[in-house]
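Novice: One structure, pasted below without further comment.
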Amino acid sequence: MTRPTRSAKKGAAARTARKPAAPRARPVPPAASVPPPHGAAALLTVLSPEGELVGKDPGLPPERLVFLYEQMVQVREFDRRMLVLQRQGRIGFYGPILGQEAATIGSAAAMGPGDWVFPALREAAAAILRGLSLDAAIAQLMGKASDRCKGRQMPCHYTHKEAHYVSMSSVIGTQISHAVGAAMAARIRGDDTVVLGYMGDGATSANDFHAGMNFAAVYRAPVVLFCQNNQWAISVPLRQQSASETIAIKASAYGMPYARVDGNDVLAVYAATRAAVERARRGDGPTFLEALTYRRLGHSSSDDPTRYRDEAEVRVWEKRDPVERLRRFLRARGLWNDRREQELQERIANEVNAAIARVEAEPDPDPDTLVTDVHAELTPQLREQLADLRANLDAARGGREGAFPL
Amino acid sequence: MTVMTLIQAVNDALKHEMRRDDRVVVFGEDVGVKGGVFLATEGLQAEFGKDRCFDTPLSECGIIGTAVGMALYGLRPIPEIQFLDFIYPAFDQIVSEAAKMRYRSGGEYTCPMVIRSPYGGGIKGGHYHSQSAEAYFCHTPGLKVVIPSTPADAKGLLIASIRDEDPVMFLEPKRIYRTLKQEVPEGEHVVPIGKGRIVREGKDATVIAYGAMVGICEQAAELAAKEGRSVEIVDPRTLVPLDEPLILDSVRKTGRCVVVYEAPRTCGYGAELAAIVAEKAIEYLEGPIVRVAGFDTPFPYTLDNLYMPDARRVLRGIQKTFQW
Ligand SMILES: Cc1ncc(C[n+]2csc(CCOP(=O)(O)OP(=O)(O)O)c2C)c(N)n1
Ligand SMILES: [Mg+2]
């Protein structure tokens, strides 16, 4: 059985005559290249991989361009160091970002401070850009006392209320309908808040993708649904995830405008997200964005990607590095040079080092946090369990409850 | 006081809270123009407009998923799941998201919402319009589970649930939606979550029941009285959090305990009640704790009367605590 055609030119007759596609017995060879830029597969691009302006310049002021670059360099260093800490056994688990910096930073930078962000797995950069301190991020990864979620979640599950960066679960896709619901709420309240909801390519197969897309369009919710298509969901390549020509095109069936953007081009991502945000803020409803990027490392610190993909594919995407692309552009504009680069690298390395040292010295969260925050108040049952926990701890310490102290 | 059915009391509570708090929004399948398949939301859209009472696409996962987002943003959503039997597409959103939001975010984000749903057997609904799924939710930390058994409690408990800061499963025993009429206080009427009630006082045996089973147990208590046994009935009203002192005090007084629930027997909520009584009041017991429950089968259609506990089965359960 041959692969069902993805060409939109085939007539309806051919489509009905064809038998339903049988599941493929063999894995699909990994997609090694960017699909040809035409039709539904066209990619919105501003900068070429060499950093030359090839599309419409979104016209960001120089300091904003430099800010985007610094954010990208910062998250790259953060990401590198956290993976090292994981390898050293100082962090339990880590989900690397390498290669996806532009997709996150370009989109997050297009949001206003009052807007809301619902992250997926790899959006730490959005939290940091919106104000999550390195200390708080590392405390989350280490599950320390100052962790905003009190050491309750595994690493990479950040939360930051002041920035409206919402706590996520590990369950793929569930945040999509949360983003839509928050946007519906904003509309009901008459606020001009816009919501950005992230998801991976794998998440587009989940129930909540369908539910979220459908509700967003039906209620014209002020939401931007943003898919980081890094082409892999752990070991499953995109072509095994969906037979759709692109992910973006799925939006058309829901009656939602969409765009497909080069996810390694921070200016293109920014421009596309900005347009979508403005649309939403005007009251013109949701937009779906697919950012084409690539997960250059393993799915997580527990994953060995050489088991399922050709490293040659990774080499191709290294040449499309998002950080270098912006650096070349900044240099050509005279906004960047070796001296500034060196200063930036040193400053970030120092900041990350200092944050690690501070956080690593912290204690674990207080034992009481095991039972608090289940509800607003402790139920009688939890109160009883807390007393039991404390008694167990006392016993373990060799103390006896109510024992005479002398 | 106005005489109302349970469903009218639900409607009254919704209106009362929507008038009081403009963050309260009601939505679900057919709840808008039609007012819900049981008419629980009748008149809400007309009074409060389409932004505060609206129909949704047919997607339980979407209804609860968007409700979570609305609650996070600051609304007080009251999504309706048309029948509890159809809640499973939303189970993930309830269990993984709503229930864990406060805890997982260290208290930064909360999910105050009330998921209303008709549940339970007795309306000839077959497998998929009859089930009692309360135990799944009781087993999920972060949820409160509330089940009224009278119109007045339905109103008071629903109002308390809407004002609660956390997600509440509000399960309505649809079998008694219209069979029971009772005086219900007008206007403000709050029945606090976590406080049960003594339905009927007695001294020989305690029967614990909730929802539609309370009425069945009242009939059984009449039958037991004819045999010279005085039965006390305790309705916990809220399964989570549970009013343990009320139950334990009653069992310590009577020395006998029967737990009645219409869900399948194995791992039902009654098993938890039995465990609590065994753990904390065993020295007062004069007989085994007996469970009277549904069967460990899917909910049947024709033989539903055999499936659900009735007064005679409850009476046999009471008798077993004396003969062993
Ligand atoms: C519902 C669910 N199923 C499975 C998993 C295990 N899992 C974690 S990440 C992942 C792949 C996600 O892929 P994608 O959405 O593309 O995000 P990416 O990891 O590429 O950022 C899987 C299968 C999960 N977390 N949730
Ligand atoms: Mg992916």
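Novice: I need the full set of residues from region A:245-261 which are more than 16 Å from ligand 2 (Cβ to nearest atom) and part of a loop (DSSP other than H, G, I, E, B), in order please.
Specialist: Correct list: A:E245, A:I249, A:G255, A:M256, A:P257.
Novice: Of the residues A:E362, A:E384, A:E324, A:E341, only one is in contact with a helix residue (DSSP H, G or I) (Cβ under 8 Å, 6 or more places away or on another chain) and assigned to a helix (DSSP H, G or I); which?
Specialist: Result of the check over A:E362, A:E384, A:E324, A:E341: A:E341.
Novice: A follow-up question, please. Where in region B:47-154 are there strands (runs of 3 or more DSSP E), lying wholly inside it, with at least 3 residues that are of a type outside the set (D, E, K, R)?
Specialist: B:76-80, B:114-119
Novice: Any residue at all in region B:29-50 that's facing chain A (nearest Cβ under 9 Å) and out of contact with any Gly (no Cβ under 9 Å at 6 or more places or on another chain)?
Specialist: No: zero hits.
Novice: While we're looking at this one, here's another question. So A:G89 ticks every box in (1) touching a helix residue (DSSP H, G or I) at 6+ places or on another chain (Cβ under 9 Å); (2) away from ligand 2 (no atom under 16 Å from the Cβ); (3) not aliphatic (A, V, I, L, M) but one. Which box is left unticked?
Specialist: So the condition that A:G89 fails would be (1).
Novice: Taking interchain pairs and intrachain pairs at least six residues apart, which have beta carbon atoms under 6 angstrom, with the first residue in region B:171-191 and aromatic (F, W, Y) and the second open to solvent by less than 30 Å² (accessible area, probe 1.4 Å)?
Specialist: B:Y177/B:L6; B:Y177/B:I7
Novice: Could you say which residue among B:I123, B:I115 is more than 8 Å from chain A (Cβ to nearest Cβ), closer than 22 Å to B:V10 by Cα and either of a type in the set (S, T, Y) or open to solvent by less than 10 Å² (accessible area, probe 1.4 Å) (or both)?
Specialist: B:I115
Novice: Shifting gears a bit: Could you tell me how many of the residues in region B:211-241 are under 15 Å from B:V191 (Cβ atoms), open to solvent by 10 Å² or more (accessible area, probe 1.4 Å) and within 14 Å of another protein chain (Cβ to nearest Cβ)?
Specialist: 1
Novice: Give the residue that is farthest from B:A209 (Cα to Cα), with candidates limited to residues of region B:241-255 that are outside any helix (DSSP H, G or I) and touching a Pro at 6+ places or on another chain (Cβ under 9 Å).
Specialist: Among them, the one singled out is B:P241.
Novice: Count, please, the residues in region B:242-267 that happen to be over 17 Å from B:D310 (Cα atoms), open to solvent by 10 Å² or more (accessible area, probe 1.4 Å) and away from every other protein chain (no Cβ under 12 Å).
Specialist: 6
Novice: Which pairs do you get when a residue that is at the interface with chain B (Cβ under 7 Å from one of its Cβ atoms), found in region A:373-384, comes within reach of a residue that is assigned to a loop (DSSP other than H, G, I, E, B) and among the acidic types (D, E), reach meaning Cβ atoms under 9 angstrom, with the pair 6+ apart or on two chains?
Specialist: A:V374/B:D166; A:H375/B:D164; A:H375/B:E165; A:H375/B:D166; A:A376/B:D164; A:A376/B:E165; A:A376/B:D166; A:P380/B:D243
Novice: Collect the residues in region A:249-271 that are closer than 23 Å to A:A182 by Cβ and open to solvent by 10 Å² or more (accessible area, probe 1.4 Å), keeping them in residue-number order.
Specialist: A:K250, A:Y254, A:G255, A:P257, A:Y258, A:A259, A:Y270
Novice: Among the residues of region A:334-352, is there at least one that is farther than 20 Å from A:V84 by Cβ, in contact (Cβ under 8 Å) with a residue 60 or more places away in the chain and surrounded by 12 or more Cβ atoms within 10 Å (Cβ to Cβ)?
Specialist: Yes.
Novice: List the number of the failed condition for A:D208; all other conditions in (1) within 16 Å of ligand 2 (Cβ to nearest atom); (2) within 14 Å of chain B (Cβ to nearest Cβ); (3) open to solvent by 50 Å² or more (accessible area, probe 1.4 Å) hold.
Specialist: (3)
Residues checked against (1) within 14 Å of chain B (Cβ to nearest Cβ); (2) surrounded by fewer than 24 Cβ atoms within 10 Å (Cβ to Cβ); (3) more than 16 Å from ligand 2 (Cβ to nearest atom):
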position	(1), (2), (3)
A:G181	yes, no, yes
A:A217	yes, yes, yes
A:F226	no, no, no
A:Q240	no, yes, no
A:A243	no, yes, yes
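Novice: Could you list all residues from region A:132-166 that are open to solvent by less than 20 Å² (accessible area, probe 1.4 Å) and within 9 Å of chain B (Cβ to nearest Cβ)?
Specialist: Once the filter is applied, which keeps residues that are open to solvent by less than 20 Å² (accessible area, probe 1.4 Å) and within 9 Å of chain B (Cβ to nearest Cβ), region A:132-166 yields A:D147, A:C149, A:H157, A:T159, A:H160, A:V166.
The values are calculated or read from the model by the stated rules, or taken from the named source; none is laboratory data. Just so it is clear, the structure is predicted and the values come from calculations on it, not from any experiment. Neighbour counts run over all protein chains shown; Cβ positions are idealised from the backbone, glycine included. Just the protein is used for accessible areas: all its heavy atoms, side chains included, with ligands, DNA and RNA removed. Shrake-Rupley method; radii C 1.70, N 1.55, O 1.52, S 1.80 Å.
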